[in-house]
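One structure below.
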Amino acid sequence: MVLFDFDDTLSEHRLFSQRLVGTMAFAMWTFHGGVVERWADSVQRMMMRLENSYIAQFCPPAGMSPFGYRRWFQEAQTRAVHWLYEEAGLEPPANARQLALKGQKVALHRSAALFPRAREVVRGLQLRGFRMSIASGNDSRTLHHALVGCGLRPYFEKLYGADLVDCAKEGPEFYRAIFEDLGIEPSQALVIDNDAASIQWAWKAGARSIQVRLRRSLAEPIAEEALAVFDSLGDLLTFPLLR
């Protein structure tokens, strides 16, 4: 089983986020009118507040355990909807949650920012008979619509999605929960991620891993635990374990 991360592994996170803010702002403008730029500011501020809530809940030193993601996420979604309208200076309508989720879905479908050769690599690995899933700190719904938008959804069996295993991607527990859900031994998994900490967590959970460092403007630390470190996704197709 090959487990791909999404942000900064298959998709360029900064560009994806920029497009997501703009397209979601336009979607909310179509629902409510107003000024698109104000909606964009509202979306951006809401996303920052949501990230800060996640950090406070799960990231050391304040966050002491990665478990309980589902409950946090359900509560955070409700808060995020109120933040979105609050930042826009509006009272949330009765169907605010549905509108916000609809706007997010539309935005995710239109915000593709894949790295060069990402589609070629994923398709190539499938043709070689490899099973693939996603292992990301995002929730599974976001991953589904983001992958639909960039045309990669059919290639992945499961989208982990911290909500699927009720565990934030903040330690080896995340990967252990995935391996248990998949019903595989850790040695049967190959994790592909850009983040050195994630590579280390996968190694501690018993899996092998490859690190990709694709953001030229982002000096990712190199993970000593990685079997290989690549600057191009295309290099995955020549790696012995994936041939």
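The values are calculated or read from the model by the stated rules, or taken from the named source; none is laboratory data. Quick caveat, the model's predicted, so the values are computed rather than measured. Cβ atoms come from the backbone with ideal geometry, glycine included; neighbour counts cover every protein chain shown. Note: areas computed on protein heavy atoms with side chains; ligands, DNA, RNA excluded. Shrake-Rupley method; radii C 1.70, N 1.55, O 1.52, S 1.80 Å.
For this structure, a couple of remarks:
- Residue satisfying condition, being in a helix (DSSP H, G or I) and under 21 Å from residue 160 (Cα atoms), within set 76, 80: 76
- Cβ-Cβ contacts under 6 Å between residues 6 or more apart (or on different chains), taken from a first residue in the stretch 49-67 that is small (Gly, Ala, Ser) to a second residue that is surrounded by 10 or more Cβ atoms within 10 Å (Cβ to Cβ), are listed as 53/76; 62/56; 63/57.
- Condition met for residue 137 (without any contact (Cβ under 8 Å) to a residue 60 or more places away in the chain, among the small types (Gly, Ala, Ser) and closer than 21 Å to residue 16 by Cα): no
- Subset of the stretch 14-55 [of a type in the set (Gly, Ala, Ser) and open to solvent by 60 Å² or more (accessible area, probe 1.4 Å)]: 34
- Scanning the stretch 1-12 for residues that are touching a Lys or Arg at 6+ places or on another chain (Cβ under 8 Å) and farther than 17 Å from residue 126 by Cβ yields a total of 2.
Let's see how each residue does on (1) out of contact with any strand residue (DSSP E or B) (no Cβ under 8 Å at 6 or more places or on another chain); (2) within 20 Å of residue 16 (Cα to Cα):
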{"residue": "150", "(1), (2)": "no, yes"}
{"residue": "170", "(1), (2)": "yes, no"}
{"residue": "204", "(1), (2)": "yes, no"}
{"residue": "209", "(1), (2)": "no, no"}
{"residue": "212", "(1), (2)": "no, yes"}
{"residue": "215", "(1), (2)": "yes, yes"}
{"residue": "220", "(1), (2)": "no, yes"}
{"residue": "225", "(1), (2)": "no, no"}
{"residue": "230", "(1), (2)": "no, no"}
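So that you can scan it fast, the table gives a plain yes or no per residue for (1) surrounded by 14 or more Cβ atoms within 10 Å (Cβ to Cβ); (2) in contact (Cβ under 8 Å) with a residue 40 or more places away in the chain:
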| residue | (1), (2) |
| --- | --- |
| 164 | yes, no |
| 195 | yes, yes |
| 198 | yes, yes |
| 201 | yes, no |
| 209 | yes, no |
| 215 | yes, yes |
| 224 | no, no |
| 229 | yes, no |
| 236 | yes, yes |
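- Filter result (over 17 Å from residue 1 (Cβ atoms) and modelled with pLDDT of 95 or more) within the stretch 198-224: 200, 204, 211, 212
- Single condition residue 154 does not satisfy, out of (1) open to solvent by less than 30 Å² (accessible area, probe 1.4 Å); (2) on the phi < 0 side of the Ramachandran plot; (3) not polar (S, T, N, Q): (1)
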